[in-house]
1. Express in nm, to one decimal, how much length is gained between residue 217 and residue 17 on full extension, taking 0.36 nm for each residue of separation and deducting their alpha carbon distance.
2. Roughly how many nanometres apart are two label points built 7 Å out from the Cα toward the Cβ at residue 173 and residue 152?
3. Using a Förster radius of 41 Å, what is the FRET efficiency between residue 286 and residue 123 based on their Cβ-Cβ separation? Nearest 0.05, please.
4. In deg cm²/dmol, rounded to 500, what helix-only [θ] at 222 nm does the chain give when every DSSP H run of at least 4 residues adds -39500 (n - 2.57) and the total is split over its residues?
5. What is the Å³ per residue value for the convex hull set by the Cα atoms of the chain?
6. At 0.36 nm per residue, and after removing the present C-alpha to C-alpha distance, how many nm does the segment from residue 7 to residue 226 gain when stretched out fully?
7. Can you check what the Kirkwood hydrodynamic radius comes to for the stretch 85-244, Cα pairs only, in Å to one decimal?
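Here, each number is a calculation from the coordinates, and none is a lab measurement. Since we're looking at a predicted model, the values are computed, not measured. All Cβ positions, even for glycine, are placed from backbone atoms using ideal geometry, and neighbour counts span all protein chains on display.
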């Protein structure tokens, strides 16, 4: 398929430069998807992820302008962990279905971003913008180099620590989990906190890449979740072949390659590319859930 696309795109697809662009564009979704693995595996379907990334990116940029790259990373991590911990507290204490509560939290986070933007404009300024500063973290080769330690850390946390094992146990069978002495609420909460760590790292890289991220309203931030969600489903469908951590990387790079190919072939973004993404979500869901019996979460 890649060779066919390469020929159809006038031999521009499988070039070293374009492959570097494909992998580079997959870095941010990879970190976000790694985070979602911890929350989604335990059944905490959080649809406020996009709004959290937007807020965390702006906070990362705010601290970055004060303290450099250390502030950029610290700001992203602090905001990501705090907002995910807040979500976990709300989800678990209210007993509202996580996907419903997540939509409510997304509207709150979007409103916070809009209020901040309006206040900044009224005072004669603008939302956080990096200009030409602190941009290396979002560019080749530094963003791609972060994938290696990120993959190692995610693998250890998800496959070799009690946090990851408990999250997987809760997502598999809640009754058996309780009989094993695992506290489901604690496992879910810790899973969301770890999710916040990787959302924060992805937000810091994202702010470094875009320089300025404007707030969104009207739940438009929810669209941010489709690519990571598809990558999670791809990783799940390949779980018999690859570890889910590696499957996420394969999924995000495959999706990045898909949209790169569509762009080279002249398919307009924002319209038909979005249609392809939505259809892909449905198709991958059917494939990944094909062996499930009963109600699919």
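1. Between residue 217 and residue 17, full extension yields an extra 68.4 nm.
2. 3.6
3. With a Förster radius of 41 Å, E is 0.25.
4. After summing the helix terms and dividing by the residues of the chain, the value is -24500 deg cm²/dmol.
5. Enclosed volume per residue, from the Cα hull, is 144 Å³.
6. That works out to 75.9 nm of additional length.
7. 18.4 Å is the Kirkwood radius here.
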